[in-house]
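Worksheet for the structure shown next.
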Amino acid sequence: MTAKDHNRLLGIFFLINGGISALGGLIAALIYGGMGAAMLSASQKSEQQMMGGIFLGIGVVVAIIILIFSGFYLFTGWKIYKEQPAGRILGIIGSILCMLSFPLGTALGVYGLWFLFGDLGKSFYEGGEMIAGSPPPPPNSWQ
């Protein structure tokens, strides 16, 4: 695979990771928010209402944090996919953050760091000559 193929694949992986994270964050927010709303509506005592409010608050905080991370992953994936110079820096940061999410995020983080710190990624983003692996043999040896 060429450096351009690796870069495009890494961008797609970050976009997929961001989408899955956003979906998971929304589901978690709906679950906590629904539990909090159910506790608030069915409670008679102030302690029960307080627990409902806590669950509602947790739902909002979880949604905000996960949506911030998923937005960052989507932004990073887009920058990498469009081959913009900021994509390398964002990709390194995103790869490090992805490594906290086991197992798929860890795989994405390792792949991203391997590409972005490797010779292919460095030459791709620094505008140098792109290395495509071993060069083909000279034309005389084909006969």
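Any residue at all in segment 58-70 that's under 16 Å from PHE14 (Cβ atoms) and open to solvent by less than 60 Å² (accessible area, probe 1.4 Å)? For segment 58-70, residues under 16 Å from PHE14 (Cβ atoms) and open to solvent by less than 60 Å² (accessible area, probe 1.4 Å): present. Picking from residues in segment 26-53 that are open to solvent by 80 Å² or more (accessible area, probe 1.4 Å) and touching a residue at least 12 places away in the same chain (Cβ under 8 Å), the one that is farthest from SER70 (Cα to Cα) is MET51. The set of residues in segment 67-100 that are without any contact (Cβ under 8 Å) to a residue 40 or more places away in the chain and over 24 Å from LYS4 (Cβ atoms) comprises ILE68, LEU97, MET99, LEU100.
Number of residues in segment 75-98 that are crowded, with 20+ Cβ neighbours inside 10 Å and of a type outside the set (Lys, Arg) equals 9. Is segment 57-73 home to any residue that is modelled with pLDDT under 90, within 20 Å of ALA107 (Cα to Cα) and not aliphatic (A, V, I, L, M)? Looking through segment 57-73, none of the residues is modelled with pLDDT under 90, within 20 Å of ALA107 (Cα to Cα) and not aliphatic (A, V, I, L, M).
The values are calculated or read from the model by the stated rules, or taken from the named source; none is laboratory data. None of the values given here were measured: they were computed from a predicted structure. Note that each Cβ is placed from the backbone with ideal geometry, even for glycine, and that neighbours are counted across all protein chains shown. What goes into the accessible areas is simple: the full protein's heavy atoms, side chains included, and nothing from ligands, DNA or RNA. Shrake-Rupley method; radii C 1.70, N 1.55, O 1.52, S 1.80 Å.
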